[in-house]
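Notes for the one structure printed next.
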Amino acid sequence: MIEICDIRFRWDSEAPVVLNIPSFQILAGELVFLEGPSGSGKTTLLNLLSGMVLPEQGSVSVNGEIITRLTDGARDRFRADHIGVMFQMFNLIPYLSPLANVTLPCSFSSRRSTMAAKNGGSLASEASRLLTRMQLDDVATINSPAYQLSIGQQQRVAAARSLIGSPELIIVDEPTSALDNEACQMFIKLLFEEVKKAEMTLIFISHDTRLAEYFDRRISLVDINQIA
Amino acid sequence: MKYMNVGSIIHLSILSLLNRRLAVLLSICAIAVSVSLIFTVEKLRQDAKRSFADTISDTDLIVGARSGSVQLLLYSVFRIGNATNNISWRSYRSISDRDDVLWSIPISLGDSHRGFRVMGTTRDYFEYYRFGRGKMLELDGGKPFDDVFDAVLGAEVAADLGYKLDQRMIIAHGIGKGGFTKHDDKPFRVAGILKRTGTPVDRTVHISLAGITAIHVDWKAGAPIPGMSISADAVRKMDLTPRSITAFLLGLKSRLGAFKALREINNFSKEPLLAVLPGVALQELWDLMSTAETALRAISIVVVFGGLLGMLTMLLTNLNERRREMAILRAVGARPHHVAGLFVTEAILITIAGIVGGLCLFYAGLFLFQPVIEDIYGLFISVTAPTVNDLMILLYLLAGSVVAGLIPAVMAYRQSLSDGIIVRN
Ligand SMILES: Nc1ncnc2c1ncn2[C@@H]1O[C@H](COP(=O)(O)OP(=O)(O)OP(=O)(O)O)[C@@H](O)[C@H]1O
Ligand SMILES: [Mg+2]
């Protein structure tokens with residue numbers, strides 16, 4: 001699913017090298033827990049995998065496509081079609097309703113739009129299905145802007161958004177920081193159900209090592225990243 | 001294969017604008033006010049010019065004492081300002097008797113009635129004076145003056161003072177509203193009232209030249225001669241041929257002869273005279289006003305610029321707050337130019353709303369104030385659709401809004417590239 005080969009990355013030509021990964025793979029359908037100290041480059045890796053930034057050298061391939069060789073436009077489209085991303089906080093466009101936030105990726109990708117419509121009958125019904133799955137039945141019908149939701153609710157809406165249209169790869173960056181232990185377990189359970197059902201690959205970035213046991217594989221970025 | 005279409009960008013920008021209603025509304029208002037201002041300035045400019053040009057028609061030459069041609073035009077036709085000198089009746093007679101002259105209208109100014117100017121003339125005025133595109137003066141009621149003490153009122157004089165036919169009125173010496181010596185021993189009678197013309201004629205009281213002479217027989221050097229008072233009836237029996245007049249209008253038998261007549265009148269040996277072609281004098285007047293026009297235009301451009309600047313400030317202020325929004329859009333597959341497009345679209349939408357608001361404001365104001373302006377300034381403002389010139393102004397404004405939108409757009413574009421997917425706090 002993911003194959004990283006000899007990459008080196010820095011944010012700026014004068015900045016220090018953040019990532020130097022000789023080799024790293026993730027198999028299709030794997031549920032990966034990625035940990036590492038703060039500032040070690042986890043979010044940077046997410047930027048690389050989603051094709052937002054390019055490495056100085058080396059190649060990244062996702063889902064059989066060498067994204068480091070694609071043009072900027074093709075990479076943006078690739079991300080739209082194949083990758084669902086969820087952030088640590090502030091995941092939603094404040095002026096869109098929760099439902100519109102969930103369906104947002106579908107306006108940038110015909111592939112995910114068709115998939116979503118196929119899965120749920122229509123875009124809107126698939127979006128409310130996912131919201132219901134995230135135990136947000138009441139939120140699905142809200143027509144007011146998303147900023148009125150609680151942080152925990154916002155994160156679940158964001159999870160639904162990353163899942164809509166079944167992209168092959170889901171990357172979530174510290175999604176559980178605002179959730180208590182119980183809610184966190186529930187969230188992971190639901191996320192796994194959806195991910196497994198659609199045979200997606202999941203990269204779960206987190207500091208919370210207690211969660212690691214639920215995953216297929218636990219990776220520490222410090223182990224694969226060789227910076228002096 | 002561009003999936004994100006223009007429609008969804010517009011949809012996103014509308015929702016985003018609605019989310020910031022107050023700031024957006026203020027920006028729209030700023031632009032609306034500037035649009036209505038620039039339209040008002042253009043309208044007044046065009047209509048003032050048209051109104052001036054429509055005041056006199058079919059007159060070939062205006063003749064007065066030697067002074068500036070604009071000054072002559074202003075006092076003889078527009079009743080603005082005063083003549084420095086009069087011209088003698090004999091000079092007038094000898095020029096109006098020329099073979100190439102078809103008609104002549106003598107004008108004698110210097111008195112007023114409750115703020116309206118009094119003009120002495122002959123009945124030829126009602127026959128030959130033309131305004132607009134060759135329109136004749138028409139009476140709303142009554143007849144042209146017949147008796148020495150008959151007056152014919154312009155429409156506005158009658159309307160303003162509420163005068164009816166046969167009403168008596170007193171002419172004051174000098175020009176202005178009251179406080180002057182009055183010719184109260186010789187009251188006039190309203191003999192006729194003219195129809196509205198939309199020109200200074202509406203604001204003029206017309207009496208015969210004999211009438212002018214009559215009220216001044218017992219006057220000398222602008223004041224009544226002490227101990228001498230001649231009654232109105234006695235005056236009627238006197239010879240009331242004026243000794244001088246202020247100016248006169250000439251209609252020639254052939255337009256082509258105007259230049260020859262002009263040259264000869266300007267070289268008139270017995271008295272220094274000035275003849276001008278109305279069109280040329282008007283042009284000189286435009287030239288004089290062009291500085292003011294340019295200044296007015298510059299001001300409206302600055303105001304429009306201010307409107308755009310207000311919008312730009314608003315867009316830039318929340319650029320930082322919106323970084324996360326841009327990152328989210330990028331994460332779900334938006335291209336950097338979609339992000340940029342969002343800002344440009346917002347700027348265009350605000351400007352379009354501002355233009356629509358400005359047009360509403362302008363036309364509402366036009367309907368509301370048109371009668372007032374006509375009443376107070378005698379300037380008839382026509383309610384017309386925007387001209388090509390106006391549309392060009394709007395087009396420039398839209399182009400300006402695109403430029404204003406491009407500034408935050410380029411910044412957001414750059415930011416979204418350097419931020420990566422996730423904005424760090
Ligand atoms: N958009 C960016 N522009 C410039 N430098 C960046 C950017 N994002 C991250 N960096 C730098 O890259 C390094 C790694 O940061 P990164 O955000 O990847 O760490 P992280 O492992 O995600 O940390 P955390 O656990 O605190 O989120 C840091 O030194 C950071 O300053
Ligand atoms: Mg991070």
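The values are calculated or read from the model by the stated rules, or taken from the named source; none is laboratory data. The structure presented is a predicted model; accordingly, all values stated were derived computationally and were not measured. Glycine gets a Cβ as well: all are built from the backbone with ideal geometry, and neighbour counts include every protein chain shown. Just so you know, the surface numbers come from the protein's heavy atoms only, side chains and all, with ligands and any DNA or RNA stripped out. Shrake-Rupley method; radii C 1.70, N 1.55, O 1.52, S 1.80 Å.
Find all pairs meeting these conditions: Cβ atoms under 7 angstrom apart; at least six residues apart or on different chains; first residue within segment B:56-81 and modelled with pLDDT of 90 or more and open to solvent by 10 Å² or more (accessible area, probe 1.4 Å); second residue in a helix (DSSP H, G or I) and not basic (Lys, Arg).
As it stands, the answer is B:59/B:278; B:60/B:258; B:69/B:281; B:69/B:284; B:70/B:281; B:70/B:284; B:70/B:285; B:70/B:288, since those pairs meet every condition given.
Output the residues belonging to segment B:40-73 that are part of a strand (DSSP E or B) and closer than 20 Å to residue B:127 by Cα.
Across segment B:40-73, the qualifying residues are B:57, B:61, B:62, B:63.
Return the residues of segment A:136-153 that are more than 13 Å from chain B (Cβ to nearest Cβ) and not polar (S, T, N, Q); say none if nothing qualifies.
Those that are more than 13 Å from chain B (Cβ to nearest Cβ) and not polar (S, T, N, Q): A:136, A:137, A:138, A:139, A:140, A:142, A:149, A:151, A:152.
Based on this model, can you work out whether residue A:136 counts as free of Cβ contacts under 8 Å to residues at least 40 places away in the same chain and crowded, with 16+ Cβ neighbours inside 10 Å?
yes
Give B:284, B:271, B:293, B:321 a once-over and let me know the one that is farther than 30 Å from residue B:21 by Cα and assigned to a loop (DSSP other than H, G, I, E, B).
None of the others qualify; the one that does is B:271.
If you take the residues of segment A:55-68 that are in contact with a Phe, Trp or Tyr (Cβ under 8 Å, 6 or more places away or on another chain) and within 16 Å of residue A:12 (Cα to Cα), which of them is least open to solvent (accessible area, probe 1.4 Å)?
A:55
Identify, please: which residue in segment A:1-17 is open to solvent by 30 Å² or more (accessible area, probe 1.4 Å) and assigned to a loop (DSSP other than H, G, I, E, B) and is, among those, nearest to residue A:50 (Cα to Cα)?
The residue in question is A:1.
Scan (1) away from ligand 2 (no atom under 16 Å from the Cβ); (2) within 11 Å of chain B (Cβ to nearest Cβ) for the single condition residue A:180 breaks and write down its number.
All conditions are met except number (2).
Condition first: within 16 Å of ligand 1 (Cβ to nearest atom), at pLDDT 90 or above and more than 27 Å from residue B:321 (Cβ to Cβ). Can you find one or more residues in segment A:59-72 that meet it? Walk me through it before giving the result.
Initial filter on segment A:59-72 (within 16 Å of ligand 1 (Cβ to nearest atom)): A:60.
Filter again for at pLDDT 90 or above, leaving A:60.
Still in the running and more than 27 Å from residue B:321 (Cβ to Cβ): A:60.
So far as segment A:59-72 goes, yes, one or more of its residues are within 16 Å of ligand 1 (Cβ to nearest atom), at pLDDT 90 or above and more than 27 Å from residue B:321 (Cβ to Cβ).
If you take the residues of segment A:36-54 that are open to solvent by 30 Å² or more (accessible area, probe 1.4 Å) and not small (Gly, Ala, Ser), which of them is nearest to ligand 2 (Cβ to nearest atom)?
So the first thing to find is which residues in segment A:36-54 are open to solvent by 30 Å² or more (accessible area, probe 1.4 Å), and the list is A:37-39, A:43, A:54.
The next check asks that each one be not small (Gly, Ala, Ser); those that pass are A:37, A:43, A:54.
Details: A:37: 11, A:43: 3, A:54: 19 Å.
Result: A:43.
Among the residues that make up segment A:121-135, is at least one of them under 30 Å from residue A:39 (Cβ atoms), of a type in the set (A, V, I, L, M, F, W, C) and away from chain B (no Cβ under 14 Å)?
Here is the first cut: in segment A:121-135, the ones under 30 Å from residue A:39 (Cβ atoms) are none.
Within segment A:121-135 (the criterion being under 30 Å from residue A:39 (Cβ atoms), of a type in the set (A, V, I, L, M, F, W, C) and away from chain B (no Cβ under 14 Å)), the answer is no, since none of the residues qualifies.
Give segment A:69-87 a look and list any residue that's open to solvent by 30 Å² or more (accessible area, probe 1.4 Å) and at the interface with another protein chain (Cβ under 7 Å from one of its Cβ atoms), or say none.
Within segment A:69-87, A:77 is the sole residue that qualifies.
Residue under question is residue B:36, and the condition is that it be within 14 Å of another protein chain (Cβ to nearest Cβ) and either under 30 Å from residue B:302 (Cα atoms) or in contact with a helix residue (DSSP H, G or I) (Cβ under 8 Å, 6 or more places away or on another chain) (or both); does it hold?
So residue B:36 does not fit the description; no.
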